[in-house]
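Below: one structure, written as structure tokens.
The values are calculated or read from the model by the stated rules, or taken from the named source; none is laboratory data. Since the model is a prediction, treat every value here as computed from it, not as a measurement. Positions of Cβ are backbone-derived with ideal geometry, glycine not excepted, and every protein chain shown enters the neighbour counts. Accessible surface is based on the protein model in full, side chains and every heavy atom, while ligands, DNA and RNA are left aside. Shrake-Rupley method; radii C 1.70, N 1.55, O 1.52, S 1.80 Å.
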Amino acid sequence: MAAAPAPLPAAVAGWWERVNGSPACQDGIFCALAVLYGIVAAASFIQVARIQRRVPEYGWTIQKVFQFLNFVVNGARCSIFAFRRLVQQVNPPILQHVILDLPGLAFFTTYAVLALFWAEILYQARGLMTDRLRSGFYTINGVVYALQGFLWLCLWWNPNHSMLVISKLFIAGLSFFTALGFLLYGGRLFLMLKYFPLESKGRQQKLREVGRVASICFCCFMARCIMMCFNAFNKEADLDVLDHPVLNFFYYLLVEILPSSLVLYILRRIPAKLQLSQYHLLSSG
């Protein structure tokens, strides 16, 4: 006689359906996401304030811009999940896509800033000019936002499933190339630091810092790419609906909240305060 099937999968499936179909559970999970994003946003804002208080004469450095963009992205996500049910009622529907997708694009820009910082270090170490890197960064971001805006217009003009799939695949492709960027520049910077002289100040600490951050960002964007592909072709993996709160929780926890928290913790050190002699040199320069 055949053995009876294990009841666990059915129980898990039933739990999943009950949680997804319960408005109370939906609101609770979205509220939890809002709180987590709010904590990360607050930590980023505190870092910006600390840097400004410690070295106000440096102005808007890449470190400060990176922390500020983290504050903006996580603050926006916090607001969206705090009012998630109201967002789902926004009309016309294209505005829902803009509200839900725009923080993801800003997340790309935020970590592209970090990749730019590493690329500048590599170029400066080789005595090369970094002006083209900055102009390339602005150009790439401009093209990305323009293409996404064009896709939004097409989706508004002709709201069909094919356009929605193309829009999600665009985000997947963007995530894939961002992951490759971290693999390229993070790997090259890691190797450069690895072959620095052993007596170089802070070499081991910077080596660990770059290796960990590059690994986290690569895994984060690759996971986002894979999930966006599933999201595009499988309705059960749709993140833009209210009745998939568990999927939303694990997705945003793993590809945004946890990576951002780890990166902010690793990059928590702020510049040392300038001494009077250093300040005079900076001013004269």
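Remarks
- Our estimate of slack between V246 and I94, defined as 0.36 nm per intervening residue step minus the Cα-Cα distance, is 52.3 nm.
- When Rg and the Kirkwood radius Rh are both evaluated on Cα atoms of the stretch 205-261, their ratio Rg/Rh stands at 1.11.
- Neighbour net charge for P245 - beta-carbon separation under 14 angstrom, K R +1, D E -1: -3
- Per-selection Kirkwood Rh - the stretch 61-103 (Cα, Å, 1 d.p.): 11.3 Å
- Accessible surface of the chain [probe 1.4 Å, protein heavy atoms]: carbon and sulfur percent: 70 percent
- The distance linking the stretch 28-72 with the stretch 124-156 is 23 Å (Cα centroid to Cα centroid, whole angstrom).
- Q96 sits among other residues whose Cβ lies under 11 Å from its own Cβ, and their net charge, with Lys and Arg +1 and Asp and Glu -1, is -1.
- The chain, helix-only ellipticity at 222 nm - DSSP H runs n ≥ 4, -39,500 (n - 2.57), divided by all residues, nearest 500: -26000 deg cm²/dmol
- FRET efficiency for K273 and S162, using Cβ-Cβ distance with R0 set to 45 Å, rounded to 0.05: 0.20
- Structure note, pairs K168/K235; K64/K194; K64/K206: Cα-Cα distances above 21 angstrom occur for K64/K194.
- Hydrodynamic analysis of the stretch 124-216 uses the Kirkwood radius over alpha carbon pairs. Inserted into Stokes-Einstein at 37 °C and 0.692 mPa s, it gives a translational diffusion coefficient of 202 µm²/s.
- Working note: Cα atoms of the chain, range along each principal axis, descending, whole Å: 78, 54, 32.
- Projected label points at D27 and F177, each 7 Å from Cα along the beta carbon direction, are separated by 4.3 nanometres.
- With R₀ fixed at 25 Å, the C-beta to C-beta distance from Q204 to Q52 puts the FRET efficiency at about 0.30.
- Among 163-175, 139-151, the peptide with the highest mean count of other Cβ atoms within 10 Å heads the list, and the full ranking is 163-175, 139-151.
- Charge-dipole axis of the chain as Lys and Arg at +1 and Asp and Glu at -1 on Cβ define it, positive-most pick from L169, F233, L193: L193
- Solvent exposure of the chain, expressed per residue, is 57 Å² of accessible area, with all protein chains present and a 1.4 angstrom probe.
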